[in-house]
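Here the structure is laid out as structure tokens; the discussion comes afterwards.
Any read-out appearing in this document is the output of simple, stated calculations on the displayed coordinates, not a laboratory observation. Small disclaimer: the values here were computed from a predicted structure and weren't measured. Heads up, the Cβs are rebuilt from the backbone with ideal geometry, glycines too, and the neighbour counts pull from every protein chain shown.
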Amino acid sequence: MPASPSLFDLGARTALVTGAARGLGRAIADALAAHGARVWLGGRDAAALRAAATAIGPNARALPFDVSDHAAASAAVARVLAESGRLDIVVNAVGQRRREPLQALPAQALRDMLESNLVAAWHLCREAAEPMRRQGHGRLINITSIAGPLARAGDAAYTTSKGGLEAMTRALAAELGPHGVTANAIAPGYFATETNAAMVDDAQVADWLRRRTSVGRWGRPEEIAAAAVFLASDAASYVTGQVVAVDGGYLAHF
């Protein structure tokens, strides 16, 4: 009997990853390409995207666009379809954060956060959903946060946007499941990315993480990648509407 192909083989798949120039988005793009997917790297920094695509290799292409510009996002999906013939995987990894007390946070700041962290993902998923329906296969993966189910003072807008992204993921799963399209989310904990560089170098934060997480340390960006590969693969064909926490055990105990 011939050997079965690997459930994690993405060789026939095309992916679009936003926020792919650096951090968690870049790590996810790396991993998808390593498992055979043709990966389009989305983001606003064209030079950084080109450098990332070159480093990843021939399976990667830079696709500069601003996710909050709906016309540009629609054009990006159209280009992927025109040049690759299909779109199988969308990873929404763009996010903004503004930590301020409630009384210092105007309503417009919340609107801006929702536009970046929720509405942009909604639009990209919506644009990708129709071609995924037609081909009978698709994987929508939204990067949320442990700040979706949890909250802390001075972070209301971010928590609201990430909680909304979790709810949206469930709604997409309910609507698109009959068409072969799954929708899931990954909720990262504390990861040592460029954005968190100041906190990574803070000895007090490191000590707090040793006590607060089960594994006692910061996460490494590449450690988010296995969850993304799983959710993008045939191994996760019966997994939808779920939020996978990759947090070193932060949510597991108090």
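Some notes on this structure:
- The chain: most fluctuating residue of Gln108, Gln96, Gln242 per GNM, C-alpha cutoff 10 Å: Gln108
- The packing ranking, built from the mean of other Cβ atoms within 10 Å per residue, places the peptides 228-238, 197-207 in the order 228-238, 197-207, highest first.
- C-alpha long axis of helix 156-176 to longest principal axis of the chain, angle in °: 30
- For the chain, the longest principal axis of the alpha carbon atoms and the long axis of helix 46-56 meet at an angle near 70°.
- Among Ala107, Ala225, Ala34, residue whose mean-square fluctuation peaks in a GNM of the chain (springs only between Cα atoms under 10 Å): Ala107
- When only Cα pairs below 8 angstrom with a gap of at least 6 residues are kept, the chain shows a relative contact order of 20 percent.
- Label corresponding to mean projected area of the Cα convex hull in nm² when calculated from the structure given, among (i) 14.9; (ii) 16.1; (iii) 12.6: (i)
- Alpha-carbon centroid distance for the pair region 106-142 / region 167-188, whole angstrom: 11
- Between 0 and 90°, nearest 10: helix 23-34 axis offset from the chain longest Cα axis: 30
- Between Thr169, Thr182, Thr160, the residue with the greatest mean-square fluctuation in the GNM of the chain (Cα pairs under 10 Å linked by springs) is Thr160.
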